[in-house]
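Rule-based calculations on the coordinates, nothing more; no lab input. Quantities reported herein were computed from a predicted structural model and do not represent experimental measurements. Every residue, glycine among them, receives a Cβ derived from its backbone with ideal geometry; neighbour counts consider all protein chains shown.
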């Protein structure tokens, strides 16, 4: 049997070199051996970025072409997740469930398997949930804000679902927030230059933490907002945080976590959410977002001047290494 398979494989490669069939044979064998194919990897990375940036028609067309050559050998759980989110946005639940099932089958050890199973469960009950919410006749909050300080305590009821809240208590820690960033401390910040371009830094003023997203479609911005609002609620409930969505320009969107008594308290939260983000929003490429602390006045200046680089510069002078 193996001899016949090798014979036909050799015949296809000799007589139809470069054909779709020859390429598929090559890619299947490479995938089985665990070999990397730079061309396939690059192609799926392109598809991934097209989805993230909201170029959905192009993304689907390119993925279809790539799948015809490589099958599912080069899919990633992140790619499948963002594709599923797109189908959910389109209310194409059957397509979304099919894609999510691929995550659970192909990547049983991926952290996204838990999210996929949760989504499959919710999608299977979408009509029931929507009917229930409709019958409640409640007034919905504006999409621009999520308040994360009033949720009831939740208890994990299995290994897949909800994490019990961890209370935020800055009094119990002896470490200064700034100790986590190149040993910078409050005294060093006060001694540093506090004015740069249109920005003036006042560490004692109330501050926000902002997540800056670059060229990310609103579908995935909202997904990030929901995931990080849940994280903030579960881990920082007494801080009474609110998460709002804002924009700087057509390419840059902000998620604003507000507010903190001063820069040090904001920095404590920033360090924690930055560390948690790769897991909480693992499907969003790390080069698509960054976190900063900023007060209301500087935030308004940033929105007016569009000078994001100038504020990043100021922060990196005050807190070396805060923005990679």
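Based on the Cβ-Cβ distance from residue 135 to residue 91, what FRET efficiency comes out when R0 is 30 Å, to the nearest 0.05? Mind showing how you got there, number by number?
Values: r = 20 Å, r/R0 = 0.67.
With a Förster radius of 30 Å, E is 0.90.
What shape does segment 199-251 have by the C-alpha gyration tensor, where a ≥ b ≥ c are the square roots of the eigenvalues, rounded means a/c under 1.5, and otherwise prolate means a/b greater than b/c and oblate the rest? It is oblate, given that a/c is not under 1.5 and a/b is not larger than b/c.
Given axes a ≥ b ≥ c from the Cα gyration tensor, I'd like to know whether segment 270-324 is rounded (a/c under 1.5), prolate (a/b larger than b/c) or oblate. Walk me through the numbers on the way to the answer.
Working: a/c = 2.12, a/b = 1.69, b/c = 1.25.
Prolate is the answer for segment 270-324, as a/c is 1.5 or above and a/b outweighs b/c.
Mind checking the full-extension length gain between residue 118 and residue 68? Use 0.36 nm per residue of separation minus the Cα-Cα distance, one decimal, nm. Please list the in-between numbers first.
Values: separation 50, 0.36 × 50 = 18.00 nm, distance 2.95 nm.
In short, 15.1 nm is gained.
Net length available on complete extension from residue 128 to residue 61 is 20.8 nm, with 0.36 nm assigned per residue and the Cα-Cα distance removed.
Classify segment 196-324 from the C-alpha gyration tensor, please: rounded if a/c falls under 1.5, else prolate or oblate depending on whether a/b exceeds b/c. Before the final figure, lay out each step's value.
Numbers: a/c = 1.57, a/b = 1.18, b/c = 1.33.
Judged from the Cα gyration tensor, segment 196-324 comes out oblate (a/c at least 1.5, b/c at or above a/b).
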